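I have placed the structure first, in the form of structure tokens, so that the comments after it can refer back to it.
Here, each number is a calculation from the coordinates, and none is a lab measurement. Quick caveat: nothing in here was measured; it's all calculated off a predicted structure. Ideal geometry is used to build each Cβ from the backbone, glycine not excepted, and the neighbour counts take in all protein chains shown.
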């Protein structure tokens, strides 16, 4: 290492300084690009994972899995608003009663049901 330092001129000329500045700029550019590439690789991995949910032999092509429901703007729950009176049909009274009796036992088949 001492030998490589001995080769440097004692007072660097302007062309050497220009090259040194350019190398520093290129190193900064490479560092920025490395960060971008790492972020893109992370995003690609996430997207491949999401795509795998849809591309498998058990999922039909028309399935829309994990579809998020839209949130309501007013923050209320679904259904009738508070204070809603509601309306249900009145209970009907039967006209007649019909008795249904078995002729034989369902379990053993015998006709003696007493």
task = With a Förster radius of 35 Å, plug the Cβ-Cβ distance of residue 78 and residue 47 into 1/(1 + (r/R0)^6) and report the FRET value to the nearest 0.05.
result = 0.60
query = What order do you get for 97, 16 when you list them from fewest to most C-beta neighbours inside 10 Å?
reply = 97, 16
